[in-house]
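Asker: There's a structure below that I have some questions on.
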């Protein structure tokens, strides 16, 4: 269709008006202590993001297409990896990553029902659910208080005769000892899936997290380091695994043509696969039992716009975390967080654990902060083995889950995301100090 020459000026006017609209509705709001909510997490959206979404809508890019491919290439380069595949969520990314390891394409190296996957007990369910959903057995290990990550020794002790993989998330942006666990996995012949959903921008031993595993995953939910509204991504350097992920994401089809394209391989009607007749249309040959977990170009347009500010977001997260850590140094009754040695986290949150001899409970301090409009969150699910969803699921526990239980009962976190200003951080610090002083006096 020949473009209407009048469309260009109309488009430019719309974009100009969108920018003006953003300036009118998104101006700075003065911070009022105790009145303005301080969210623990959230998206930071600007004029460029609004314009990017409107431009994608003007182009009617309602399915995954050129913008999604452009984002995948740029994001893979950012993490130093060869392939990235956008998905509709970080949860879907985790499901695809682990499901890829169960694919028949891998022959004897595939994971089979009943095989074990080492994971962490204290975390978010979507790191564990794909293990259960694929008929595998999670082996739960404990964490360290302070870093809230597991250790190489704990993972090594959990490996048994049926263990085939390790799947662990970086805790609230703080990297687990990724290089050492990757080396252990290689030594023992195990796969490593690196859940990087909370840690985009973090580094371990000078390398970006997300590049240590056979596969890694990312979430673009609004709480995360960059957002696409919803969305996620699976990344890998392994081209075989990348192809499996793509097929599983795209209904399980064997064809790799983009939607709306045909005959990219120049032999669309030249295949014979399974028990189909020769020449069956390759676009409708299915080599995996897959899903439809694709994203859209609207999501990708927002993600691309956000990606241009990722370094700025990372710097704000680090600065807010540092300001909290320095401001709360020496505060009584609370264990403050620490980065994993050798890491430079792009923090997702600031974790606090109420010490056993504190004259207050987690409920006391959380209630105080929430009353002051300071948002709090628990360490996600805490000890997952205590939740009703997992009580009857086949699993194994390696060692004790003592620290996971502590996190369940005494740990919470507050925000550091880029929407939090220095003034807000100082208010959080003064509020926590006021509370602990009062609790110490028995007030």
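The values are calculated or read from the model by the stated rules, or taken from the named source; none is laboratory data. Quick caveat, the model's predicted, so the values are computed rather than measured. Cβ coordinates were reconstructed from backbone atoms using ideal geometry, including for glycine residues, and neighbour counts include every protein chain displayed.
Asker: Could you list all residues from the stretch 340-350 that are crowded, with 24+ Cβ neighbours inside 10 Å and outside any strand (DSSP E or B)?
Answerer: 345, 346, 347, 348, listed by residue number.
Asker: Filter the stretch 228-264 down to the residues that are touching a helix residue (DSSP H, G or I) at 6+ places or on another chain (Cβ under 7 Å) and part of a loop (DSSP other than H, G, I, E, B), then identify the one that is farthest from residue 85 (Cα to Cα).
Answerer: Of everything passing the filter in the stretch 228-264, 262 is farthest from residue 85 (Cα to Cα).
Asker: Suppose we filter the stretch 174-189 for residues that are part of a loop (DSSP other than H, G, I, E, B) and within 19 Å of residue 121 (Cβ to Cβ); how many remain? Walk me through how you get there before you give the answer.
Answerer: Going through the stretch 174-189, the residues part of a loop (DSSP other than H, G, I, E, B) turn out to be 175-177, 189.
Of the ones still in play, those that are also within 19 Å of residue 121 (Cβ to Cβ) are 175-177.
Within the stretch 174-189, residues that are part of a loop (DSSP other than H, G, I, E, B) and within 19 Å of residue 121 (Cβ to Cβ) number 3.
Asker: So, one more: Suppose we filter 408, 385, 353 for residues that are on the phi < 0 side of the Ramachandran plot and in a strand (DSSP E or B); which single one remains?
Answerer: Numbers: 408 fails: in a strand (DSSP E or B); 385 fails: in a strand (DSSP E or B).
None of the others qualify; the one that does is 353.
Asker: Considering the stretch 192-207 alone, what residues qualify as being in contact (Cβ under 8 Å) with a residue 40 or more places away in the chain and surrounded by fewer than 22 Cβ atoms within 10 Å (Cβ to Cβ)?
Answerer: 203, 205, 207
Asker: Output the residue which, of all residues in the stretch 244-265 that are in contact (Cβ under 8 Å) with a residue 40 or more places away in the chain and farther than 18 Å from residue 91 by Cα, is farthest from the chain's Cα centre (by Cα). Full working, then the answer.
Answerer: Step one: list which residues in the stretch 244-265 are in contact (Cβ under 8 Å) with a residue 40 or more places away in the chain, which gives 244-251, 258-260.
Going one step further and asking which of them are farther than 18 Å from residue 91 by Cα, we end up with 258-260.
Numbers: 258: 26, 259: 27, 260: 30 Å.
Checked the stretch 244-265; the qualifying residue farthest from the chain's Cα centre (by Cα) is 260.
Asker: Continuing with the same structure: Can you name the condition, by its number, that residue 220 falls short on among (1) within 18 Å of residue 99 (Cα to Cα); (2) modelled with pLDDT of 95 or more?
Answerer: (1)
Asker: Right, here's the next one. Find the helices (runs of 4 or more DSSP H) located wholly in the stretch 29-130 whose residues include 2 or more that are modelled with pLDDT of 95 or more and under 30 Å from residue 166 (Cα atoms), and list them.
Answerer: Values: elements: 47-58, 66-78, 90-100.
Correct list: 66-78, 90-100.
Asker: I've got another one for you. Of everything in the stretch 294-318, what is surrounded by fewer than 16 Cβ atoms within 10 Å (Cβ to Cβ) and within 14 Å of residue 419 (Cα to Cα)? Give them in sequence order. Don't jump to the end; show me each part of the working.
Answerer: Going residue by residue through the stretch 294-318, those that are surrounded by fewer than 16 Cβ atoms within 10 Å (Cβ to Cβ) are 308, 311-312, 315.
The answer is 312, 315.
Asker: Going by what's in this entry, would residue 322 be described as surrounded by fewer than 20 Cβ atoms within 10 Å (Cβ to Cβ), without any contact (Cβ under 8 Å) to a residue 12 or more places away in the chain and in the same structural domain as residue 99 (by TED's automatic domain parsing)?
Answerer: Working: surrounded by fewer than 20 Cβ atoms within 10 Å (Cβ to Cβ): yes; without any contact (Cβ under 8 Å) to a residue 12 or more places away in the chain: yes; in the same structural domain as residue 99 (by TED's automatic domain parsing): no.
Against the criterion (surrounded by fewer than 20 Cβ atoms within 10 Å (Cβ to Cβ), without any contact (Cβ under 8 Å) to a residue 12 or more places away in the chain and in the same structural domain as residue 99 (by TED's automatic domain parsing)), residue 322 does not qualify.
Asker: Here's something else I'd like to know. Sort out which residues of the stretch 113-123 are farther than 18 Å from residue 192 by Cβ, in contact (Cβ under 8 Å) with a residue 24 or more places away in the chain and surrounded by fewer than 24 Cβ atoms within 10 Å (Cβ to Cβ), and write them in order of number.
Answerer: 114
Asker: If you check 416, 406, which single one turns out to be surrounded by 19 or more Cβ atoms within 10 Å (Cβ to Cβ), touching a residue at least 60 places away in the same chain (Cβ under 8 Å) and under 22 Å from residue 158 (Cβ atoms)? Let's see the steps before the verdict.
Answerer: On the way: 416 fails: under 22 Å from residue 158 (Cβ atoms).
Among 416, 406, only 406 is surrounded by 19 or more Cβ atoms within 10 Å (Cβ to Cβ), touching a residue at least 60 places away in the same chain (Cβ under 8 Å) and under 22 Å from residue 158 (Cβ atoms).
Asker: So residue 316 clears everything in (1) in contact (Cβ under 8 Å) with a residue 60 or more places away in the chain; (2) touching a helix residue (DSSP H, G or I) at 6+ places or on another chain (Cβ under 9 Å); (3) at negative phi except one condition, right? Which one?
Answerer: Failed condition: (2).
Asker: How many of the residues in the stretch 138-169 are touching a strand residue (DSSP E or B) at 6+ places or on another chain (Cβ under 7 Å), surrounded by 18 or more Cβ atoms within 10 Å (Cβ to Cβ) and outside any helix (DSSP H, G or I)?
Answerer: Number of matching residues: 18.
Asker: Let me ask something else. How many residues are part of a loop (DSSP other than H, G, I, E, B), within 32 Å of the chain's Cα centre (by Cα) and within 29 Å of residue 59 (Cβ to Cβ) if we restrict to the stretch 266-303?
Answerer: Here the count works out to 6.
Asker: What do you reckon, is residue 135 out of contact with any strand residue (DSSP E or B) (no Cβ under 7 Å at 6 or more places or on another chain), on the phi > 0 side of the Ramachandran plot, assigned by TED's automatic domain parsing to the domain that holds residue 286 and not in a loop (DSSP other than H, G, I, E, B)? Can you show your working first?
Answerer: On the way: out of contact with any strand residue (DSSP E or B) (no Cβ under 7 Å at 6 or more places or on another chain): yes; on the phi > 0 side of the Ramachandran plot: yes; assigned by TED's automatic domain parsing to the domain that holds residue 286: yes; not in a loop (DSSP other than H, G, I, E, B): no.
No: the conditions fail for residue 135.
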